[in-house]
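The values are calculated or read from the model by the stated rules, or taken from the named source; none is laboratory data. Remember, it's a predicted structure, so these values are computed and weren't measured experimentally. Here the Cβ is made from the backbone with ideal geometry for all residues, glycine too, and neighbour counts use every protein chain on show. Quick note on the areas: whole protein, heavy atoms, side chains included, nothing else; ligands and nucleic acids left out. Shrake-Rupley method; radii C 1.70, N 1.55, O 1.52, S 1.80 Å.
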Amino acid sequence: SSGNLTVASSGGKIELNGLVGVGTNLPDEKLHVVIGSSTPVAAKFERSHNNNVAIEYRNTIGNMYAGLAGNALGWAIDDDANLGVAPMFIVRRDTSRVGIGSLIPADRFDVHGNAIFGEQSTADGQVQIGRRYSGNRNAYVDLIGDDTYHDYGLRVIRKSDGENAESQIDHRGTGDFT
């Protein structure tokens, strides 16, 4: 049959034993939601306040949280439910910037901490800066090792002059370049 099912409880606990299906008569998980092809939203979790809206993921070893960080800052993942304070990972709603270990990413992708790029095999490792088929422009890598030069201490540049472009290395400071 069709219609609304209303469940009310004053005791604070409702038990549903078995499988629950929403939009399906044949659920195959504890909660199975099926939506029409024209509806992009399968579930809605809403809070009547501007704090975090988090979902806890738990197994027998530990738990993690994911959801909307407080004041709708963006989508965050952390090891506690307070997603708006120092999350492990965030995609900011206002800037589209991604932060790992940073609530306020300084650029499109901002990692606070060390990063390792490469394969755990004999395969070549690659970090690519710049993108083909988008015109000529400078591509450079800046290394900052101290507070003397806040923009760069060592810079490797590939200039924007097409196939005849030059490359250069700029070293700043009084130390040796060896």
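Figures for the structure shown
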| read-out | value |
| --- | --- |
| GluC sites (Glu not before Pro) within segment 84-178: DSSP coil, no more than 15 neighbouring Cβ in 10 Å | Glu119, Glu166 |
| Candidate residues His171, His49: accessible-area rank, largest first, probe 1.4 Å | His49, His171 |
| Potential lengthening between Val33 and Asp107 on full extension [0.36 nm per residue; Cα-Cα distance subtracted] | 22.9 nm |
| Cα gyration tensor shape for the chain, rounded if a/c is under 1.5, else prolate or oblate | prolate |
| Most to least accessible of Asp161, Asp124 (protein chains only, probe 1.4 Å) | Asp124, Asp161 |
| Given the chain, longest segment not containing exposed loop trypsin sites (Lys or Arg not before Pro) (DSSP; at most 11 other Cβ within 10 Å) | 45-107 |
| GNM result for the chain, Cα springs below 10 Å: residue of Val141, Val53, Val111 fluctuating most strongly | Val141 |
| Nearest-10 value in Å² for the accessible area of Thr60, using the 1.4 Å probe | 140 |
| Gyration tensor (alpha-carbon) shape descriptor, segment 111-178, a/c threshold 1.5 | oblate |
| Loop-resident sites, segment 43-92, for chymotrypsin sites (Phe, Trp or Tyr not before Pro), counting at most 12 other Cβ within 10 Å (DSSP) | Phe45 |
| Apportionment of accessible area to carbon and sulfur, segment 70-135, percent (1.4 Å) | 52 |
| Rounded accessible area of Ile104 (nearest 10 Å², 1.4 Å probe) | 130 |
| Accessible area (Å², 1.4 Å probe, nearest 10) - Leu19 | 90 |
| FRET E, pair Asn51, Glu163, Förster distance 41 Å, beta-carbon r, rounded to 0.05 | 0.15 |
| Local net charge near Tyr140, Cβ-Cβ under 15 Å (Lys/Arg +1, Asp/Glu -1) | 0 |
| Karplus 3J(HN,Hα) series, Hz, for segment 38-54 with 6.51 cos²θ - 1.76 cosθ + 1.60 (x for Gly, Pro) | 8, 9, x, 9, 8, 8, 10, 10, 10, 10, 8, 8, 8, 6, 4, 10, 10 |
